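Everything below concerns the one structure shown next.
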Amino acid sequence: MFGMELRGGQGATCCPLRFVKHTFCKFRGNLETANHYTSSYTEQTVTKPSGVPEHHLPINDSAFIADPYSTLKRLRETTPIYWDATWKKLFVTRYDDIAALLRDKRLGRSIFHVLSRDELGFPPPDARVAAFDHFQANHILDMEPPNHTRIRGLVQKAFTISRVEGLRVRIEDIVQDLLEAAEARGGAFDAVADFAEPLPVLVIAELLGVPAADRHLLRPWSSAIVKLYELGYSDAQAVAANTATEQFSAYIKSLADQRRAEPRDDLISALVAVEESDERLSNDELVANCILFLNAGHEATVNGITGALLTMQRHPHVKMQLASAAASEANNSSIFKTAIEEFLRFDTPLPMFERWVLEDLEFRGCSLKKGMEVALIYASGNRDANKFTSPDTFNIARDPNPHLTFGLGTHYCIGAPLARLEMSVALHAFLKRYPNFEVPDQPLEYTGWVIRGLKRLEVKL
């Protein structure tokens, strides 16, 4: 779930989270347009660092997206760090290097606090996406200390482990309702549209306190917004994302105003009331971070659940073990805990996140310049044989399992506990009810690379 970096990052970055940032929206359009905007400063940040090999990873190619792991393995072995002249970024593929850069405070999710748009050679802000940019500027995903520290601290006081665990029974009820509705469609259903997609949206709506009558609004808004977190999107998608941001923001602001007048036992009420050292969330910060909870809070869960179902189909012994456990053990049993971590490692829901270089530094013999972008391929690090024994083997009992899926360091995913809970409850209930489910042969189409999820997955009960 909230690989909570989203499918993107500041100004349009993952995004998921990103979430997870995935590409910073410095340019509204394609690479040809982007190349018209340069400055004397950025000439050095978009040029291949000396001593670094050059390579191009076809991250928008459907064949690569469907099965990236053999390609990533070759890169780890032969070209672990390389410059991609097409994307003008440094790509990093090995676990230890990714982990080191995630923990290095000389890199960050935002850049405007150290360089101006003019210094970066960016075009002026695009008025067509003003609402989206305003949202991006006010949530914690792309902030750096001290603002990140302040806002994350306030959010964590409201979004507590006990609040998450308190949702377990409600999540169990939601899962059962979804499975009953799916079953009523007959002997097969789409595990994406009928099960995995609605689950985190309904859970986040429950968490925030969105009335049941309004919950149908959330998924379309979120789906439109996260289009800007891919590497490449159309002008029409940008305008649609901005409209969705305006509507979503107005809705959350209205709901927050209601909660100020009449508080309830929900996250919006808690965020309205939270205070630390005389600090409170501003209206813009509260609205932006509530939207972030939904945007970042569903991508990893959706992709994690459907990816797990596909993995079990391809590894029947895993399905048999978990189905047996589901029949006799609770959804928080040790085998489900280790299985969830392995699903998240084995087929990473949000495969790549980015960082900005905030000051000049040397890393593994590479001279990284302030203002340069670094792409960290989590999906590659999660299959690194120097970190994981037999990384291409699904080990249901793998422990420890220090995968990168939720990030590391300052921006570690704040929603990781909820993502784990949702996946555990969902897969446990699914296997208990349908221990002999099958995923028939079918064309598999993915949403993209940065947010890598199946568009559809037919399952037979």
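The values are calculated or read from the model by the stated rules, or taken from the named source; none is laboratory data. The structure displayed is predicted, hence computed values, not measured ones. Glycine gets a Cβ as well: all are built from the backbone with ideal geometry, and neighbour counts include every protein chain shown.
Annotations for the structure displayed:
- Condition broken by R264, with the remaining ones in (1) part of a loop (DSSP other than H, G, I, E, B); (2) buried (at least 21 other Cβ atoms within 10 Å of the Cβ) satisfied: (2)
- Test: residue in the range 435-450 that is under 22 Å from Y95 (Cα atoms) and not acidic (D, E): yes
- Of all the listed residues (A385, A323), the sole one being at pLDDT 95 or above and exposed (fewer than 15 other Cβ atoms within 10 Å of the Cβ) is A385.
- Across the range 339-379, the qualifying residues are those that are of a type in the set (A, V, I, L, M, F, W, C) and in a loop (DSSP other than H, G, I, E, B), and the one among them that is nearest to S390 (Cα to Cα) is L350.
- Some residue of the range 95-107 being among the small types (G, A, S), modelled with pLDDT of 95 or more and in a strand (DSSP E or B): no
- Test: residue in the range 229-252 that is under 17 Å from the mean Cα position of the chain (by Cα), over 14 Å from H134 (Cα atoms), assigned to a helix (DSSP H, G or I) and modelled with pLDDT under 95: yes
- Residues satisfying the stated conditions in the range 366-389, i.e. in contact with a helix residue (DSSP H, G or I) (Cβ under 7 Å, 6 or more places away or on another chain), over 14 Å from Y95 (Cα atoms) and not small (G, A, S): V374
Yes or no, residue by residue, for (1) within 22 Å of L199 (Cβ to Cβ); (2) in a loop (DSSP other than H, G, I, E, B); (3) under 23 Å from the mean Cα position of the chain (by Cα):
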| site | (1), (2), (3) |
| --- | --- |
| S390 | no, yes, no |
| F394 | no, yes, yes |
| T410 | no, no, yes |
| L421 | yes, no, yes |
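- Lone unmet requirement of (1) of a type in the set (V, I, T); (2) within 16 Å of the chain's Cα centre (by Cα); (3) outside any helix (DSSP H, G or I) for V226: (3)
- So T71, is it of a type in the set (S, T, Y), part of a helix (DSSP H, G or I) and out of contact with any Ser or Thr (no Cβ under 7 Å at 6 or more places or on another chain): yes
- Some residue of the range 319-326 being among the charged types (D, E, K, R), over 25 Å from the mean Cα position of the chain (by Cα) and assigned to a helix (DSSP H, G or I): yes
- Counting only helices (runs of 4 or more DSSP H) that fall entirely inside the range 144-211 and contain at least 2 residues that are more than 30 Å from P263 (Cβ to Cβ), the qualifying elements are 168-183.
- In the set I171, I151, I204, I140, only one residue is farther than 23 Å from R219 by Cβ and either surrounded by 21 or more Cβ atoms within 10 Å (Cβ to Cβ) or over 21 Å from the mean Cα position of the chain (by Cα) (or both); that residue is I151.
Results for (1) crowded, with 16+ Cβ neighbours inside 10 Å; (2) more than 23 Å from the chain's Cα centre (by Cα); (3) among the aromatic types (F, W, Y), shown as yes or no for each residue.
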{"site": "V52", "(1), (2), (3)": "yes, yes, no"}
{"site": "L57", "(1), (2), (3)": "yes, no, no"}
{"site": "R74", "(1), (2), (3)": "no, yes, no"}
{"site": "S110", "(1), (2), (3)": "yes, no, no"}
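- Evaluated against (1) of a type in the set (V, I, T); (2) touching a Lys or Arg at 6+ places or on another chain (Cβ under 9 Å); (3) closer than 19 Å to G297 by Cβ, V239 falls short on exactly one condition, (3).
- Any hit, the range 57-66, residues being of a type outside the set (G, A, S), at pLDDT below 95 and either touching a Ser or Thr at 6+ places or on another chain (Cβ under 9 Å) or under 30 Å from N283 (Cα atoms) (or both): yes
- Test: residue in the range 41-49 that is in contact with a helix residue (DSSP H, G or I) (Cβ under 7 Å, 6 or more places away or on another chain), crowded, with 20+ Cβ neighbours inside 10 Å and modelled with pLDDT under 90: yes
- Summed over the range 254-285, the residues that are under 25 Å from the mean Cα position of the chain (by Cα), of a type in the set (D, E) and farther than 15 Å from H139 by Cα give a count of 1.
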